1. Among the candidates Ala216, Ala142, single out the residue that is in the same structural domain as Asp47 (by TED's automatic domain parsing) and either charged (D, E, K, R) or touching a residue at least 40 places away in the same chain (Cβ under 8 Å) (or both).
2. Based on this model, can you work out whether Ala95 counts as without any contact (Cβ under 8 Å) to a residue 40 or more places away in the chain and closer than 30 Å to Ala258 by Cβ?
3. Just name the residue that is farthest from Arg283 (Cα to Cα) out of those in the stretch 103-122 that are more than 13 Å from ligand 2 (Cβ to nearest atom) and aliphatic (A, V, I, L, M).
4. Just a yes or no: is a residue in the stretch 363-376 within 16 Å of ligand 1 (Cβ to nearest atom) and among the aromatic types (Phe, Trp, Tyr)?
5. Would a scan of the stretch 2-18 turn up a residue that is in the same structural domain as Ile171 (by TED's automatic domain parsing), closer than 30 Å to Tyr221 by Cα and in a helix (DSSP H, G or I)?
6. Suppose the filter is out of contact with any Leu (no Cβ under 7 Å at 6 or more places or on another chain), among the β-branched types (Val, Ile, Thr) and buried (at least 24 other Cβ atoms within 10 Å of the Cβ); does Ile99 pass it?
7. Here is a check on your reading of the model: is Leu361 surrounded by 16 or more Cβ atoms within 10 Å (Cβ to Cβ), in contact with a Gly (Cβ under 7 Å, 6 or more places away or on another chain), under 28 Å from Tyr341 (Cβ atoms) and not assigned by TED's automatic domain parsing to the domain that holds Tyr499?
8. Does the stretch 282-290 include one or more residues that are at pLDDT 95 or above, touching a helix residue (DSSP H, G or I) at 6+ places or on another chain (Cβ under 8 Å) and over 30 Å from Gly267 (Cα atoms)?
Amino acid sequence: MKIKTHNTTPYDDQKPGTSGLRKKVKVFQQTHYLENFVQSIFNSLDDFQGKILVLGGDGRYFNRQAIQTIIKMAAANGFGELIIGQGGLLSTPAASNIIRKYHAFGGIVLSASHNPGGPDEDFGIKYNVSNGGPAPEKFTDALYQNTKTINSYPIAEIDDIDLDNVGEMQIGGVNIRVIDPVADYAELMAKIFDFDLIKQSIAAGLITLKFDAMHAITGPYATHILEDVLGATPGSVFNAIPLEDFGGGHPDPNMAHAHELTEIMLGNNPPTFGAASDGDGDRNMVMGAHIFVTPSDSLAIMAANARTIPAYAKGISGVARSMPTSQAVDRVADKLGLPCYETPTGWKFFGNLLDAGKITLCGEESFGSGSNHVREKDGLWAVLFWLNLIARKRQSVEDIVHEHWQTYGRDIYCRHDYEAVDSDIANGIVEHLRNQLSSLPGNSWGDYTVKYADEFSYTDPVDNSVSNNQGIRIGFTNGSRIVFRLSGTGTVGATLRIYVERYERDTSKLKQDAQIALTELVDIAELLCEVKKRTGRTEPTVIT
Ligand code: G6P
Ligand code: ZN
């Protein structure tokens, strides 16, 4: 195998965000841009010679081309084996599973998750470590330092690899395996859930379902598992063919972007269950007939009912949620006597807790939930969890949710996003909030009196690493909260996220409309952050 070394110069914008490096495709297409980042990953690793690297992506525009480049660079850097999903495809949770199952050294996942795809849209790349999870901050910090000094990279001068056929080949001492991207994942799901029971419930008509794959990676996974294995009617999975531009859509499973599913579920004669997943298959949205389940409630309901699922029948060790996620799961943990951890936004923060066995389930308000079965959040896993739960309880989604609220009270919740805000204005807002923190406690607006106001910082209980500046929290004496933070996943300007929640214990008021119930808190949030005043906008870009 002939190896050529290219000289290169650093780019100054390769700092990984919440989940890897995400940029416009055109940025990645600049000379050596992708190569610089990939080589900086390899330069941050030790002792990987002869070991296994997993490669796959969500199939978006530039996926195929990038994979060919990475194959040649990984071979030149000395990996012994490359395991690649057929067609260059692997959902994020499936990649995590493959890394764990085949004891790989790590994996490179090509995805910009829920961001749109296409020549003028987004691309992304992230590195996952041997536990199958996203690399921790100390790795991404070292990686960023390497991107600033990189001056060359080696690349194998070999032909492009045939990614479309499953098979194994040896090229210059490197073993290259192209595998079925779905099979190992489907096998894992069958071990976790009671497939026979779900199958019977579908056959008996207790469960009718629609799954919107949003023209993204979960199409083949959901079609195989839900239709072929569990017997859902053909066509239950729609938008099932992954497209490089996701059919022009925004593959983010929420009611704003998964509007096809939302219309079905809120319309006439809906099926009993509806769900959607995102670009790379790690997010989920769950709906029932005429009801949307907030991700925070979904996590709490899963925790409360974990014992109904075969893999968690013996109980769970603990739970975790990201800081802006509602406190619904805390109430369940409290009642069940389980530890509950509050982590910064970003799945990577759950990795240590899962590895140490401190938690079994975790989730985020950003439509992600998962367990110790892999080290990424997992969209289809959440869908199967709900199907298994419905089949066991023989109740509708609506009844399950309402029963949960009756028991624990309801954390009424919503998030307002202001996208593509000028970065200076966004930083000004954060600064303005910071300056008020010490004077806020004791201030009152109507029924809301500030109990605490701080900037969240997290000390990892396993390795004691500290992450500062993880969002601003304003807590009220009645248990309500407002959280502000800047997104770490956007690619244009800054995105300000405002998360509001109010705890309702009065059983006669549990079913109120969230937007109405949260009006006062949303007004207080504006008073504090002045986003409308400072940007001249009248509405958030998206409300979820
Ligand atoms: C990705 C990460 C999540 C995170 C979400 C939102 O999906 O995997 O862990 O919650 O992005 O992050 P952001 O920084 O945009 O709020
Ligand atoms: Zn995703």
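1. None of the other options fit; the residue is Ala142.
2. The answer is no for Ala95.
3. Ala104
4. Checking the stretch 363-376: at least one residue is within 16 Å of ligand 1 (Cβ to nearest atom) and among the aromatic types (Phe, Trp, Tyr).
5. no
6. Judged against the criteria, Ile99 is a match.
7. no
8. No: the stretch 282-290 contains no residue that is at pLDDT 95 or above, touching a helix residue (DSSP H, G or I) at 6+ places or on another chain (Cβ under 8 Å) and over 30 Å from Gly267 (Cα atoms).
The values are calculated or read from the model by the stated rules, or taken from the named source; none is laboratory data. Everything numeric in this text was worked out from a predicted model, so none of it was measured. Every residue, glycine among them, receives a Cβ derived from its backbone with ideal geometry; neighbour counts consider all protein chains shown.
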